[in-house]
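Beneath this line is the structure, given in structure tokens, with notes to follow.
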Amino acid sequence: MKSETSSMADIKTLLEIKSELKRYQATLVAVSKTKPNDEIMQVYQAGHKSFGENYVQELTTKQQELPSDMEWHYIGHLQSNKVKLITPFIHLIHGIDSEKLLSEINKQALRESKKVNCLLQIYIAEEESKFGLDKREAEELLIKKNNYPNVNIKGFMGMATNTDSHKQIEKEFNGLHTFFNSLKEENNLSVLSMGMTSDYKIALNCGSNIVRIGSAIFGSRK
Ligand SMILES: *Cc1c(COP(=O)(O)O)cnc(C)c1O
């Protein structure tokens with residue numbers, strides 16, 4: 001007998017979010033970390049193909065087991081020694097937070113004769129623990145980007161402070177949007193990845209064009 005305890009992805013919410021995003025010309029990365037393949041397949045069968053993961057091992061296993069036309073986004077902190085495990089298939093790496101990592105991705109992409117799409121992760125929160133570059137470091141990396149011709153820096157990713165203060169979150173997202181606008185023409189940037197379940201509506205109003213949403217679609221994680 002089939003177990004009744006396995007949970008279901010919330011397809012109604014998925015479709016509501018997707019139609020809301022259309023108005024902003026933004027796209028969704030469904031964050032499937034910790035979730036089993038059968039729940040990911042429910043979302044895929046509802047017509048959604050972009051998924052986000054934050055552990056390399058979990059991502060590579062899922063990528064091998066699930067349909068080959070899924071688009072995988074790496075949204076976690078990436079260690080240089082694991083880069084080569086994901087470059088063969090990754091659609092977009094959201095969290096570049098050092099030149100060392102950028103250089104390693106370039107090296108691996110060159111070996112595979114391809115370009116790998118990346119976002120610089122910009123530190124915008126008032127919290128100690130989050131990874132990312134400050135604005136000055138990001139500008140310096142953009143100046144050196146021609147040293148890394150096999151990496152395509154498409155834009156920025158940022159995570160706001162985990163707070164109930166709408167004002168605070170808005171201030172952080174608006175700050176990143178302004179920074180993005182000041183550099184986008186010169187550097188050909190088009191992607192601004194901001195917003196998760198708790199703050200994606202704020203992020204959309206602050207200029208985000210990719211939101212990364214997990215728990216609203218898949219339920220809370222253990
Ligand atoms: C887990 C995660 C998300 C999704 O978080 P939810 O609150 O479940 O929507 C988004 N971005 C990053 C970087 C994450 O690690």
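The values are calculated or read from the model by the stated rules, or taken from the named source; none is laboratory data. Quick caveat, the model's predicted, so the values are computed rather than measured. A quick note on method: Cβ atoms are made from the backbone with ideal geometry, for glycine too, and the neighbour counts reach across all protein chains shown. Accessible surface is based on the protein model in full, side chains and every heavy atom, while ligands, DNA and RNA are left aside. Shrake-Rupley method; radii C 1.70, N 1.55, O 1.52, S 1.80 Å.
Worth pointing out:
- Where GluC sites (Glu not before Pro) fall in DSSP loop in region 109-163, at most 14 other Cβ within 10 Å: GLU112, GLU126, GLU127, GLU128
- Average accessible area per residue (Å²) across the chain - probe 1.4 Å, nucleic acids and ligands excluded: 52
- Shape of region 55-132, Cα gyration tensor, a/c cut at 1.5: oblate
- Relative contact order computed over the chain (Cα-Cα under 8 Å; 6+ residues apart), in percent: 20
- Longest to shortest principal axis, alpha-carbon extents of region 35-79, angstrom: 32, 18, 15
- In terms of the mean number of neighbouring beta-carbon atoms within 10 Å, the peptides 164-174, 61-71, 113-123 order highest first as 113-123, 164-174, 61-71.
- Treating r as the C-beta distance of MET41 and LYS84 and R0 as 35 Å, the FRET efficiency rounds to 0.80.
- Cα-based shape type of region 6-124, given that a ≥ b ≥ c are square roots of the gyration tensor eigenvalues and the cut on a/c is 1.5: prolate
- Options LEU119, PRO149, PHE218, ranked by Cα towards positive dipole end of the chain, top entry (Cβ charges): PRO149
- Whole-Å semi-axes of the ellipsoid equivalent to the chain (Cα gyration tensor, √5λ, descending): 28, 23, 15
- At q = 0.26, 0.27, 0.34 Å⁻¹, base-10 log of I(q)/I(0) for region 99-139 (Debye sum, equal scatterers on each alpha carbon): -0.90, -0.93, -1.14
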